[in-house]
Structures are given as C-alpha cells and as structure tokens.
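Below is one structure, written out as structure tokens; comments come after it.
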Amino acid sequence: MTFHCKNYDINADACKKLKGDCLPGRKGCVLEGRFALSEELEQKIHDLEEKMKRAKE
Ligand code: SF4
C-alpha cells in the first residue's frame with residue numbers, strides 16, 4: 001500500500017503543514033493516532049520533539 005500526503009512537499013522533502021520534517025504519525029500530522037508506529041519511527045519522532053524543545057529554550 002502506498003500513501004501520498006497532500007501536505008508533503010517533494011521538492012523540500014518536508015511537511016508543509018508542520019513546516020518541518022515529514023515523520024508520519026508525529027504530533028499534528030494528519031496520520032497522528034491512526035496507525036501503530038514502528039519503534040524506529042517512534043524514536044525519530046522522539047528525537048525531533050527533543051530537538052524542537054531545545055530550539056525553544
Ligand atoms: S508529517 Fe504527516 S501531514 Fe506532514 S507531510 Fe508527513 S504524512 Fe503528511
């Protein structure tokens with residue numbers, strides 16, 4: 001199965017909605033809570049959220 005998200009900017013390789021990395025299932029993503037995340041994806045989302053927290057500080 002494939003999925004194409006209307007928010008994905010292929011040229012920038014980024015999410016237009018969240019103005020950052022496309023990590024399906026991350027907070028604010030249209031897929032949030034709609035599927036089970038792999039451990040790898042959960043880790044990437046965690047790392048991104050930590051990075052965003054540090055950037056705000
Ligand atoms: S993060 Fe979610 S909403 Fe954004 S482009 Fe990726 S799949 Fe779409």
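No lab work stands behind these numbers, since they all come straight from the coordinates. Keep in mind it's a predicted model, so treat the numbers as computed, not measured. Positions of Cβ are backbone-derived with ideal geometry, glycine not excepted, and every protein chain shown enters the neighbour counts.
Magnitude of the charge dipole for the chain, about its Cα centre and with charges confined to Cβ atoms of Lys, Arg (+1) and Asp, Glu (-1), is about 360 debye. Database remark: amide H of C22 closer than 5 angstrom to the amide H of C15 (H placed geometrically; neighbours at sequence offset of 5 or more, or on other chains; Pro and chain starts carry no H). Each helix, a run of at least 4 DSSP H residues, gives -39500 (n - 2.57); summed and divided by the residues of the chain, these come to -10500 deg cm²/dmol at 222 nm. Once the Cβ-Cβ distance of L18 and E39 is raised to the sixth power relative to R0 = 25 Å, the FRET efficiency obtained is 0.70. To make sure I understand the rule: partners must be aspartates and glutamates, Cα under 18 Å from the Cα of K17, and not fewer than 8 residues away in the same chain. Which ones qualify? List returned: D9, E32, E49. Calculate the tail of P(r) for region 8-56: the fraction of all Cα-Cα distances greater than 12 Å, expressed in %. The proportion of pairs with Cα distances above 12 Å equals 64 percent. The chymotrypsin sites (Phe, Trp or Tyr not before Pro) found in the chain that occupy coil by DSSP, while having at most 14 further C-beta atoms within 10 Å, are F3, F35.
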